[in-house]
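To start, the structure under review is shown below, and the notes come after it.
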Amino acid sequence: MQNRLLNFCFYCALALSFINCANRGNITGGEKDITPPKIIKTTPKNYSTNFNSKEIRIYFDEYIKIKNLSKQLIISPPMTIMPEITPLGSSSDYIKIKIFDTLKPNTTYAFNFGNSIVDNNEENPYTYYKYVFSTGDYIDSLKVKGKVMDALNRATDPFISVNLYEADSTYTDSVVYKQNPKYVTNTLDSTTNFTLENLKAGKYKLIALKDNNSNNKFDQKTDKIGFYKDFITVSNDSSAFYEMKLFKEEVNYKANKPKLVSGQKISFGFEGKDYKNMVIDILSDVPSDFKYSVIKDQAADTLNYFYKPKLEVDSLIFKVSYKTKIDTFSVRIKDNKKDSLLIKATPNSAIDFSETLKISGNIPFTKFDKNQISIMDKDSTDVTFTTKLDTLHNTIQIIFDKKEDNKYKVRLLPNTVTDFFNNTNDTLNFNLTTVKESSLGNVRVNIKNGVYPLIVQLVNDKNEVKYEKYTTKPEPLDFYLVKPNKYYIRAIFDSNKNKQYDTGVFLTATKPERVSYSEKQIEVRIGWDLIEEFILK
């Protein structure tokens, strides 16, 4: 019996020993590979001169793949016909570049791959690999360095293209819209500094682009642009450092073709922000009782044109004027159903102490009866108010003093509002609330080194303006009843004194208005009073 017990213990110990050995012997795959791939050969050789090949191959010591090539690859000078680069979506131990474009004589070309080349297993990057060749007898080696910053926002977008255009006898500023630059690089995603390399000596125009279409051309609708005001000279002296501020231009005015969108309602789309100066005239013959009304669409860049009476015609002809520009359009008319009157309130729940209640509709208001509107607080006390009608935006502004921790019931009785087609409203009720003042904070900003007038704002992380003050002289700026949050202080130097930020214009070499940010965020807390010194730089 004792022998059996000893044997049992012996076999249990032996089994446990095997289990432990098995655990210790599990395959783990070894240490993680952190070594980037290596280039073992290029054909033709990198930095070749008198280059005339149509294919380039770059061989590696392991399988690689290419990631985010469209963002990472910079070819300078740009090619009219893009080369074919493989592998894409698979792995290989070499990169093949097939060139289809006709290469310019005596020109140095550079393929900068950024961080797009990674090994196949761990995706260790071969950083900033550049393949360079010259179709002439030597490699151009001059450089231009600088920095790009956003003119309005605190942070600068990644992947900013930096372009050089040769300032020869054919140069005009319009080349940025039509032609590829002579040289191009970008800031990638980690820094706003840039270096243009392998340049030929000469005089150039230096441009920065947030090139959202990736076509090396400036599109005013989608791109931001920055520029160095004077031409630069590229020479052996590489000490110059150029700074550019990137801005979004206001889109130039353009009238789009109008169309009938519902019964007796025609939409006139436009580009640009100066729609207040658009004039719409009907050229077709209309009856003597013909009337029309125009309002700005609440959600789109469109002016909505309403007319009455209903016209039994196939089409109507309109003239759309903007300053000296005139367009003529024909609109096909159909027997569509008219819109129903929809009325909404903004805001429709919580309201800030400085906020104005706006009642808006989708069909032009022709009249409203203030006596049919009432406001009552939580104690059932009538609240006095004033009103103002904004005809272009079709909005009734209701202005009243608000008290903390209160509730307001806004009522519009039937027939308060009459629209263009003589529709009226039913009873409408809107309930609003205010918070306790003790749940908010106050901020006093003391400006140092101010150049007046200034627009001083509290903005959030998304560059959204939450609070704003305008000042024409050195004085403390008090922001009362601020919602608890983190904010940056932003100052706009209002050089033309129009009380708004003005962006730049490339063709007129107009720089955007100067903007300064506080170095750190301020944190507004419940019930706190902050005093902040803002030193403008």
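The values are calculated or read from the model by the stated rules, or taken from the named source; none is laboratory data. Bear in mind the structure is a predicted one, so any value in this text is a computation, not a measurement. Reconstructed Cβ throughout: ideal geometry from the backbone, glycine too, with neighbour counts over all protein chains shown. Surface accessibility is based on the protein's heavy atoms, side chains included, excluding ligands, DNA and RNA. Shrake-Rupley method; radii C 1.70, N 1.55, O 1.52, S 1.80 Å.
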Looking at T233, T172, which one is free of Cβ contacts under 8 Å to residues at least 60 places away in the same chain, in a strand (DSSP E or B), out of contact with any Asp or Glu (no Cβ under 9 Å at 6 or more places or on another chain) and of a type in the set (V, I, T)?
T233
Tell me which residues, restricted to segment 360-406, are touching a Leu at 6+ places or on another chain (Cβ under 7 Å) and within 21 Å of T434 (Cβ to Cβ).
I373, I396, I398
Is it the case, given these coordinates, that F194 is of a type outside the set (S, T, N, Q), touching a Pro at 6+ places or on another chain (Cβ under 6 Å) and buried (at least 16 other Cβ atoms within 10 Å of the Cβ)?
no
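Here is a yes/no grid of residues against (1) out of contact with any helix residue (DSSP H, G or I) (no Cβ under 7 Å at 6 or more places or on another chain); (2) assigned to a strand (DSSP E or B); (3) surrounded by 21 or more Cβ atoms within 10 Å (Cβ to Cβ):
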residue: L164; (1), (2), (3): yes, yes, yes
residue: V176; (1), (2), (3): yes, no, yes
residue: N180; (1), (2), (3): yes, no, no
residue: K203; (1), (2), (3): yes, yes, no
residue: S214; (1), (2), (3): no, no, no
residue: D219; (1), (2), (3): yes, no, no
residue: Y242; (1), (2), (3): yes, yes, no
residue: E250; (1), (2), (3): yes, no, no
residue: V261; (1), (2), (3): yes, yes, no
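One line per residue, one yes/no per condition, for (1) assigned to a helix (DSSP H, G or I); (2) among the polar types (S, T, N, Q); (3) at pLDDT 95 or above:
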site	(1), (2), (3)
I359	no, no, yes
N371	yes, yes, yes
K409	no, no, yes
N431	no, yes, yes
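A quick yes/no check of all residues on (1) open to solvent by 80 Å² or more (accessible area, probe 1.4 Å); (2) at pLDDT 95 or above; (3) within 22 Å of G89 (Cα to Cα); (4) in a loop (DSSP other than H, G, I, E, B):
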site	(1), (2), (3), (4)
N7	yes, no, no, no
C12	no, no, no, no
N52	yes, yes, no, yes
I56	no, yes, yes, no
Please work out which residue is farthest from K334 (Cα to Cα), limiting yourself to segment 221-230 and to residues that are charged (D, E, K, R) and crowded, with 17+ Cβ neighbours inside 10 Å.
K224
Keeping to segment 436-457, report how many residues are open to solvent by 70 Å² or more (accessible area, probe 1.4 Å) and part of a loop (DSSP other than H, G, I, E, B).
3
Within segment 231-240, residues open to solvent by 10 Å² or more (accessible area, probe 1.4 Å) and touching a strand residue (DSSP E or B) at 6+ places or on another chain (Cβ under 8 Å) come out as F231, T233, S235, N236, S238, A240
